[in-house]
Amino acid sequence: QEQLVESGGGLVQAGGSLRLSCAASARAFTIGWFRQAPGKERKFVASMRWSGGNISYAASVKGRFTISRDGAQNTVYLQMNSLKTEDTAVYYCGARRKAFGDYDYWGQGTQVTVSS
């Protein structure tokens, strides 16, 4: 059974940086990062194919966040720079076994809090 485990969340001041990690028990076709703020729906942040291509970002994070992966470690990262208070959310990684469609499984989430 495939599993995803996120880590790296925490409390940071606005303008600071954090790096989130998503350790996967198996490779998937696509890995994505999503986030959910209190009282709001889960939203897309970034994604990439496990092969390294097709990198995509939400407009709100483009230029500040970078998704990458370490194939040898089966780990996907989300480097978050220039953090803003509106980036506060629970961040989830998800995996998709195919190129398109719904994500098939998710991690438990990691809290990111950005203070002003």
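The values are calculated or read from the model by the stated rules, or taken from the named source; none is laboratory data. Just so you know, these numbers come straight off a predicted model, no measurement behind them. Cβ sites come from the backbone with ideal geometry, for glycine too, and all protein chains shown count toward neighbours. Just so you know, the surface numbers come from the protein's heavy atoms only, side chains and all, with ligands and any DNA or RNA stripped out. Shrake-Rupley method; radii C 1.70, N 1.55, O 1.52, S 1.80 Å.
A 1.4 Å probe, protein heavy atoms only, puts the accessible area of Ser17 near 60 Å². Ranking of Arg69, Arg35 by solvent-accessible surface, largest first: Arg69, Arg35 (1.4 Å probe, protein heavy atoms only, all chains present). Tell me, what is the 1.4 Å probe accessible area of Lys43, in Å² to the nearest 10? Accessible surface of Lys43 is approximately 130 Å². In the elastic network of the chain, a GNM with C-alpha springs shorter than 10 Å, the most mobile of Thr66, Thr85, Thr30 is Thr85.
Counting protein heavy atoms only, the stretch 17-116 has 47 percent of its accessible area on carbon and sulfur, 1.4 angstrom probe.
The order of the peptides 9-15, 105-111 by mean Cβ neighbours within 10 Å, most packed first, is 105-111, 9-15. Net charge dipole, the stretch 39-116: roughly 180 debye, given to the nearest 20, about the Cα centre with Cβ charges of +1 for Lys and Arg and -1 for Asp and Glu. Springs join every pair of Cα atoms under 10 Å in this Gaussian network model of the chain, and among Ile67, Ile55, Ile31 the largest mean-square fluctuation is at Ile55.
Could you identify which residue out of Gly63, Gly101, Gly53 has the top mean-square fluctuation in a GNM of the chain using Cα springs shorter than 10 Å? The residue that fluctuates most here is Gly101.
Using alpha-carbon pairs under 8 Å, 6+ residues apart, how would you state the relative contact order of the stretch 7-84 in percent?
Value for the stretch 7-84: 36 percent.
Taking all protein chains into account, the per residue accessible area for the chain stands at 52 Å² (1.4 Å probe). Cα to Cα, under 18 Å, and not fewer than 8 places away if on the same chain: which aspartates and glutamates meet these conditions relative to Lys40? Answer for Lys40, where 18 Å is the Cα cut-off: Glu86, Asp87, listed by chain and number. Roughly how much of Tyr77 is accessible, in Å² to the nearest 10, using a 1.4 Å probe? Its heavy atoms expose roughly 40 Å² to the probe. Can you say what percent of the DSSP beta bridges in the chain, counting only those with both residues inside, are antiparallel? Round to 5. Bridges in the chain are about 90 percent antiparallel.
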